Amino acid sequence: MTVAEHPARERIQRTLLFALGIGGLIFGALMATGGSGFLAQIGQLRSPFGIATVVVGVGIPVVYPVLSRTMPIRPLLGLAGGTSLAFLAIQVAWPAFMIDDVLADDTTPWLQGVTAIHATALAIAWPRPLVWLFPLLQGPVVAMVQVQVRDDAALEAVLDGLGAVIFCLIVTGVSVALIAAGDRQDAAAEHAREQAALEATRRTREAEQTRINAIVHDDVMSVLLAASRVTPPAELADQARRAITRVETLASGRSESRDYDPEEFVAVVRSTAAALAPEVPVRYAVDGESPLPAGVVAAFAEATAEAMRNALGHAGPDCGARVEIDVDDSTARVVVSDQGPGFSPAKVSQRRLGIRVSILERMRAVAGGDAEISSSPGTGTTVTLAWSRP
């Protein structure tokens with residue numbers, strides 16, 4: 001499955017990055033002052049390397065709370081992973097960019113105080129088992145850098161390296177466990193959807209079997225019983241023709257499933273929306289009891305699914321998408337809207353079949369069906385699906 005098909009995993013990743021940004025603010029404040037703070041050490045490094053250490057070390061992580069709520073997940077994870085790799089490169093390059101041979105006051109590089117932030121970020125962004133490389137590399141990297149920037153600090157450097165490894169392994173393990181829990185939740189949800197589909201298929205088959213039995217009993221058997229009488233009724237020939245027609249229609253596969261009452265129609269659309277994005281709110285109103293044809297319900301379900309896929313794919317999971325369903329005795333309407341970047345429908349290529357075929361033509365192929373797409377750059381998108389009883 002793609003990232004967009006992992007809603008639970010994505011929610012956990014965004015939550016972890018939000019919390020990581022808060023941690024970055026706290027660590028940044030703690031590492032700002034003192035002899036081992038970046039304010040004291042930035043002047044001991046060649047420009048612009050000193051500035052880069054602050055930007056990569058804490059500057060980018062502190063904006064994760066905002067980005068985790070606004071940025072699409074793929075570039076967000078790419079930024080987090082790339083920043084942590086840049087942090088590792090800066091760690092290694094630190095001694096080469098020092099102005100003097102050792103740090104003032106026999107201090108250690110301030111970056112050693114924020115290694116856990118970037119270990120966590122890589123654990124969030126990278127696939128397993130690669131996430132374990134960063135914590136394990138912290139041992140030799142911290143030790144070797146510290147030996148080069150301090151006098152007579154070999155033993156302390158080794159101990160600091162081991163401490164960095166242990167701390168980073170802990171935060172990495174916690175992050176991996178949380179993300180794995182999200183994966184299990186996504187797998188359980190997918191399994192539940194598959195089971196629901198199998199159950200729906202079974203019920204459909206049972207309904208079709210019941211319908212076949214009804215045709216055999218009501219039409220075929222009644223004709224045979226009537227024909228067995230001594231004096232067959234005058235309308236027997238017409239009754240036989242109707243029975244043959246129904247059997248032929250059934251055998252051709254052109255027959256539709258049973259009609260859906262309004263509550264079942266709402267349930268179908270809601271389940272379609274939930275399968276793609278369970279967090280998207282769905283409002284519905286039912287005012288009537290007249291059933292809807294199965295073909296109409298299928299058209300609504302397919303067009304709704306395509307509209308939601310477009311919203312989530314182009315505007316992102318946090319685009320403010322919502323679904324509204326209204327049905328009465330004469331009409332049915334589904335509105336899928338989002339607050340994403342929008343687009344100009346006139347500029348959409350005719351080769352883009354998703355909008356034209358899966359939404360507009362799919363609804364207009366149903367008697368009484370129609371669809372409309374309203375959007376412009378910067379104003380979001382609204383897809384309206386409508387059906388009026390012929």
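The values are calculated or read from the model by the stated rules, or taken from the named source; none is laboratory data. Remember, it's a predicted structure, so these values are computed and weren't measured experimentally. With ideal geometry, Cβ positions are generated from the backbone for all residues, glycine too; neighbour counts draw on all protein chains shown.
What about residue 36, is it among the polar types (S, T, N, Q) and without any contact (Cβ under 8 Å) to a residue 60 or more places away in the chain?
no
For residue 69, indicate whether it is charged (D, E, K, R) and either surrounded by 19 or more Cβ atoms within 10 Å (Cβ to Cβ) or not assigned by TED's automatic domain parsing to the domain that holds residue 118 (or both).
Criteria not met by residue 69.
Consider only pairs whose beta carbons are under 6 Å apart and that are at least six residues apart or on different chains; among these, list those whose first residue lies in the stretch 367-390 and is in contact (Cβ under 8 Å) with a residue 60 or more places away in the chain and whose second residue is acidic (Asp, Glu) and surrounded by 20 or more Cβ atoms within 10 Å (Cβ to Cβ).
If the second residue must be acidic (Asp, Glu) and surrounded by 20 or more Cβ atoms within 10 Å (Cβ to Cβ), the pairs left are 380/338; 381/338.
Can residue 192 be described as at pLDDT 65 or above and more than 45 Å from the chain's Cα centre (by Cα)?
No: the conditions fail for residue 192.
For the stretch 286-317, name all the residues that are modelled with pLDDT of 85 or more and within 17 Å of residue 274 (Cβ to Cβ).
297, 300, 301, 303, 304, 307, 308
Which condition number does residue 48 fail, the rest of (1) closer than 30 Å to residue 320 by Cβ; (2) surrounded by fewer than 14 Cβ atoms within 10 Å (Cβ to Cβ) being met?
Going through (1) closer than 30 Å to residue 320 by Cβ; (2) surrounded by fewer than 14 Cβ atoms within 10 Å (Cβ to Cβ) one by one, residue 48 breaks only (1).
Given the conditions (1) of a type in the set (Val, Ile, Thr); (2) part of a helix (DSSP H, G or I); (3) surrounded by 15 or more Cβ atoms within 10 Å (Cβ to Cβ); (4) without any contact (Cβ under 8 Å) to a residue 60 or more places away in the chain, and given that residue 102 satisfies all but one, which numbered condition is not satisfied?
Status for residue 102: all satisfied but (2).
How many residues are modelled with pLDDT under 80 and either out of contact with any strand residue (DSSP E or B) (no Cβ under 9 Å at 6 or more places or on another chain) or not assigned by TED's automatic domain parsing to the domain that holds residue 334 (or both) when one looks only at the stretch 354-366?
Residues flagged as modelled with pLDDT under 80 and either out of contact with any strand residue (DSSP E or B) (no Cβ under 9 Å at 6 or more places or on another chain) or not assigned by TED's automatic domain parsing to the domain that holds residue 334 (or both) within the stretch 354-366 amount to 4.
Closer than 30 Å to residue 270 by Cα, modelled with pLDDT under 60, within 30 Å of the chain's Cα centre (by Cα) and among the β-branched types (Val, Ile, Thr), is that true of residue 204?
It is true that residue 204 is closer than 30 Å to residue 270 by Cα, modelled with pLDDT under 60, within 30 Å of the chain's Cα centre (by Cα) and among the β-branched types (Val, Ile, Thr).
Matching residues to (1) closer than 30 Å to residue 14 by Cβ; (2) at pLDDT below 80; (3) charged (D, E, K, R):
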position: 319; (1), (2), (3): yes, yes, no
position: 324; (1), (2), (3): yes, no, yes
position: 328; (1), (2), (3): no, no, yes
position: 333; (1), (2), (3): no, no, yes
position: 346; (1), (2), (3): no, yes, no
position: 368; (1), (2), (3): no, no, no
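Listed here are the residues, each with its yes/no results for (1) in contact (Cβ under 8 Å) with a residue 24 or more places away in the chain; (2) loosely packed, with under 15 Cβ neighbours inside 10 Å.
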{"position": "136", "(1), (2)": "yes, yes"}
{"position": "140", "(1), (2)": "no, yes"}
{"position": "145", "(1), (2)": "yes, no"}
{"position": "161", "(1), (2)": "no, no"}
{"position": "166", "(1), (2)": "no, yes"}
{"position": "169", "(1), (2)": "yes, no"}
{"position": "177", "(1), (2)": "no, yes"}
{"position": "181", "(1), (2)": "yes, yes"}
{"position": "186", "(1), (2)": "yes, no"}
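If I go through the stretch 278-307 residue by residue, how many of them are among the charged types (D, E, K, R) and part of a loop (DSSP other than H, G, I, E, B)?
Adding up the residues that qualify gives 2.
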